[in-house]
Amino acid sequence: MTTWTAPEAAASVRYSVDPATILEALEAGHIRAAEPDPAAEDGWRIRPEVKLAILARFADRATLDWHAGPLQFRDRAAIPPRELGAGPWRIVPGGTSLRAGVHLGEGVIVMPPSFLNVGAWVGAETMVDSHVLVGSCAQIGARVHLAAGALIGGVLEPPGARPVIVEDDVFVGAGSCLLEGVLVRTRAVIGAGVTLTGTSRLYDLVEDRVLEGTTGRPLVVPEDSVVVPGSRTVHGAFAEANGLSVATALIVKRRDAGTDARVALDGALR
C-alpha cells in the first residue's frame, strides 16, 4: 500500500489509506469514515484519513458516461456507480443510484428512488425507503428504518468532522433531516418531520433538560428517545406582538412496547 500525503494536511501528518483502493475497501467494510470505539468521545472514532483519500479521488476531474437502458449519466470517472452484483441485499427497480464506496450489509433493502453517496455505511437488515438521501460518509447501523423522504446529511470536508451517525435499531420518520454530525443512539425514534442539526437544541421533557450540540461536539440523541417536532416562543416585543415561535425538537418519552408496535416493519416486506 502506498502512502499519500494530503496537500491540505499539515506537512508532518501522513496517511496510509491508498486512494487507488479506497472505494473497494469501503464497499467491503474493511475501512469506514467513522467506527465504534469505546475509548473515543461518544464511542465513535473519526477516520479523517478515509475522507482525505476520497477527496483525492475527486481531484481527478475526468468524466465518463454510463448507460442504463435508455438513460445516460455523466459523472467523475474516479467515483463511478457502484457495481451491485449478486450481493445479499435488494435494490428495488425504479431509479435508485449508489456511488462506488458505499457499504451494504446483508439483508439491506433500498426502495426507489434513493441515492447513497460515496463512503456511506449501511448496516445489516436496514430498510432505506423511497426518496431517501444517505449522504457521503454517513454511518447507518443495523436494523434501521429510514422512512420515505428522510435526509441523512453527508460530510467530506473538513476531514476531521463527524459524519451523521445513526446507531442500531433506530427509526427515522418520513421527511426527517439529520445533519451536521448528529449522533442518534440505539433504538431512538425520530418522528416524521423532525430536523436536527449538529447545533440544534433538543428539549428533553422526560429528564427536564436541554441537550445542545456545538461545532466541536455535535448533538447526541439519547438511547431509546422518542423525538417529535415542537415549537418554542420567540421573545422580544415584535415577536410577542406577532405571536411568533420557532420550530424545535422534543423528547416526549422513552421507547416502549407501544412505540415498537407502531414503528415495526412487517417481515413480509423483507
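Please give the number of the condition Arg143 fails out of (1) under 28 Å from Phe73 (Cα atoms); (2) out of contact with any helix residue (DSSP H, G or I) (no Cβ under 9 Å at 6 or more places or on another chain); (3) in contact (Cβ under 8 Å) with a residue 24 or more places away in the chain.
(1)
Is there a residue being in contact with a Pro (Cβ under 7 Å, 6 or more places away or on another chain), at pLDDT below 95 and more than 19 Å from Leu133 (Cβ to Cβ) anywhere in the stretch 67-87?
The answer is no, given that none of the residues of the stretch 67-87 is in contact with a Pro (Cβ under 7 Å, 6 or more places away or on another chain), at pLDDT below 95 and more than 19 Å from Leu133 (Cβ to Cβ).
Among the listed residues Val189, Val182, identify the single one that is touching a Leu at 6+ places or on another chain (Cβ under 7 Å) and touching a residue at least 12 places away in the same chain (Cβ under 8 Å).
Of Val189, Val182, the one residue that is touching a Leu at 6+ places or on another chain (Cβ under 7 Å) and touching a residue at least 12 places away in the same chain (Cβ under 8 Å) is Val182.
Can you confirm whether Val13 is modelled with pLDDT under 90 and among the aliphatic types (A, V, I, L, M)?
yes
For the stretch 160-187, which positions are touching a Ser or Thr at 6+ places or on another chain (Cβ under 6 Å) and part of a loop (DSSP other than H, G, I, E, B)?
Glu167, Asp168, Asp169, Leu179, Glu180
What strands (runs of 3 or more DSSP E), lying completely within the stretch 28-78, carry at least 1 residues that are open to solvent by 50 Å² or more (accessible area, probe 1.4 Å), in contact with a strand residue (DSSP E or B) (Cβ under 7 Å, 6 or more places away or on another chain) and over 18 Å from Gly141 (Cα atoms)?
63-68, 71-76
Can you find a residue in the stretch 108-124 that is more than 23 Å from Pro229 (Cα to Cα), in contact (Cβ under 8 Å) with a residue 40 or more places away in the chain, part of a loop (DSSP other than H, G, I, E, B) and open to solvent by 10 Å² or more (accessible area, probe 1.4 Å)?
No, because not a single residue in the stretch 108-124 is more than 23 Å from Pro229 (Cα to Cα), in contact (Cβ under 8 Å) with a residue 40 or more places away in the chain, part of a loop (DSSP other than H, G, I, E, B) and open to solvent by 10 Å² or more (accessible area, probe 1.4 Å).
Cβ-Cβ under 8 Å, sequence separation 6+ or interchain: first residue in the stretch 250-261 and open to solvent by less than 60 Å² (accessible area, probe 1.4 Å), partner at pLDDT 95 or above and among the basic types (Lys, Arg). Which pairs?
If the second residue must be at pLDDT 95 or above and among the basic types (Lys, Arg), the pairs left are Arg255/Arg187; Thr259/Lys253.
Search the stretch 85-102 for residues that are in a strand (DSSP E or B) and pair each with any residue that is surrounded by fewer than 18 Cβ atoms within 10 Å (Cβ to Cβ) and basic (Lys, Arg) when their beta-carbon atoms are under 9 Å apart and the residues are at least 6 apart or on different chains.
Arg90/Arg270
Sort through Gly119, Gly123, Gly105, Gly141 and tell me the only one that's under 21 Å from His30 (Cα atoms), touching a Cys at 6+ places or on another chain (Cβ under 6 Å) and not charged (D, E, K, R).
That would be Gly119, the only listed residue that is under 21 Å from His30 (Cα atoms), touching a Cys at 6+ places or on another chain (Cβ under 6 Å) and not charged (D, E, K, R).
Is it the case that the stretch 154-162 has a residue that's open to solvent by less than 10 Å² (accessible area, probe 1.4 Å) and modelled with pLDDT of 95 or more?
No, there is no match, as no residue in the stretch 154-162 is open to solvent by less than 10 Å² (accessible area, probe 1.4 Å) and modelled with pLDDT of 95 or more.
Does Leu202 satisfy the criteria of being in a strand (DSSP E or B) and crowded, with 20+ Cβ neighbours inside 10 Å?
In short, yes.
Where the second residue is of a type in the set (Ser, Thr, Tyr) and assigned to a strand (DSSP E or B) and the first is in contact (Cβ under 8 Å) with a residue 24 or more places away in the chain and closer than 24 Å to Asp18 by Cβ and lies in the stretch 50-77, which pairs have Cβ atoms under 6 Å and are six or more apart or on separate chains?
Within 6 Å, the pairs are Leu52/Tyr15.
Just to be sure before I move on: is Arg262 outside any loop (DSSP other than H, G, I, E, B) and not small (Gly, Ala, Ser) in the structure I sent?
yes
Please state which of the following conditions Ser231 fails to meet, knowing it meets all the rest: (1) part of a loop (DSSP other than H, G, I, E, B); (2) loosely packed, with under 13 Cβ neighbours inside 10 Å.
Here Ser231 meets the rest and fails (1).
The values are calculated or read from the model by the stated rules, or taken from the named source; none is laboratory data. Treat the numbers as computed from the prediction; the structure is a model and nothing was measured. So basically every Cβ, Gly included, is an ideal-geometry build from the backbone, and we count neighbours across all protein chains shown. These accessible areas exclude ligands, DNA and RNA; they are computed on the full protein's heavy atoms, side chains included. Shrake-Rupley method; radii C 1.70, N 1.55, O 1.52, S 1.80 Å.
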